[in-house]
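Worksheet: one structure, shown below.
The values are calculated or read from the model by the stated rules, or taken from the named source; none is laboratory data. Quick caveat, the model's predicted, so the values are computed rather than measured. Heads up, the Cβs are rebuilt from the backbone with ideal geometry, glycines too, and the neighbour counts pull from every protein chain shown. Remember, those area values only see protein heavy atoms, side chains included, never the ligands or the DNA or RNA. Shrake-Rupley method; radii C 1.70, N 1.55, O 1.52, S 1.80 Å.
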Amino acid sequence: SGLSLIILWFLFILGVTFKGALNTKILILVSLILIGNRINSFLRSYVKAEGTFMIIGKLDLILQFSPFVLIPAVIFFKLNGVLFVMILSEAVSILYYIIRLNKPKFHFYVNLKKTLYHLRTGFTIFINSVSDSIFWSIDLVMLSALMTTREVGLYSIALAAIRVGEPFSQAVNMIVYRKIMIEGGKFGTSSRIHFRKYTEGLFVSYLMFN
């Protein structure tokens with residue numbers, strides 16, 4: 001996140017380098033990755049709002065080939081190779097969005113009331129995302145303390161294999177979330193009963209594919 005990056009820069013300025021692992025080049029690369037990631041997040045939300053989900057699907061398919069570049073980069077260049085591939089992935093995503101959106105039109109304006117409203121909603125989503133990340137990683141942290149590295153690696157591979165159906169759930173969620181946002185803008189979000197028909201469908205798709 002941006003806050004974590006600011007903390008890293010602050011520690012680096014104070015002379016904390018974590019035994020030489022942290023340097024100016026690494027921080028610049030990480031900063032570029034974060035900027036690219038934020039731009040991608042904005043463009044992805046724009047695509048969802050436009051309803052052109054095929055763009056996201058094709059981009060995700062293209063990015064599935066990134067391990068073929070990532071593995072040699074890690075072997076030959078270690079951390080620098082990983083960061084380079086991450087920058088390349090963000091750059092490819094940004095260029096693909098811009099090309100496929102065919103001259104997107106952006107209008108930026110400040111509305112304090114709406115900004116505060118969305119910040120409250122976004123904070124809840126952010127907390128949910130963080131808790132979800134912790135939930136899916138805490139098992140690996142615990143296993144690393146109790147089992148060998150080889151066993152943890154096999155567990156990670158098995159976990160990735162059983163989650164192969166997750167993209168189907170994400171595709172359903174993406175479409176339903178767009179409908180919720182559109183109707184939320186029309187009718188407001190105070191009446192939760194109105195959106196129950198969507199939440200039940202999301203729950204079913206989550207149980208089926210996750």
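Please say if segment 16-121 is rounded, prolate or oblate, where rounded means a/c under 1.5 for a ≥ b ≥ c the square roots of the C-alpha gyration tensor eigenvalues, and otherwise the choice is prolate for a/b larger than b/c and oblate otherwise?
Note, shape of segment 16-121 comes out oblate.
At a 10 angstrom cut-off on C-beta neighbours, averaged per residue, how do the peptides 110-120, 68-78, 91-101 rank from highest to lowest?
91-101, 68-78, 110-120
Given a Förster distance of 30 Å, report the FRET efficiency between L95 and S144 from their Cβ-Cβ distance, rounded to the nearest 0.05. Working shown, then result.
Numbers: r = 37 Å, r/R0 = 1.25.
Taking R0 as 30 Å, the efficiency between L95 and S144 is 0.20.
Carbon and sulfur atoms: what percent of the 1.4 Å accessible area of segment 63-159 do they account for?
Roughly 74 percent of what the probe reaches on segment 63-159 is carbon or sulfur.
Could you report segment 75-128's accessible area per residue, 1.4 Å probe, as an integer in Å²?
88 Å²
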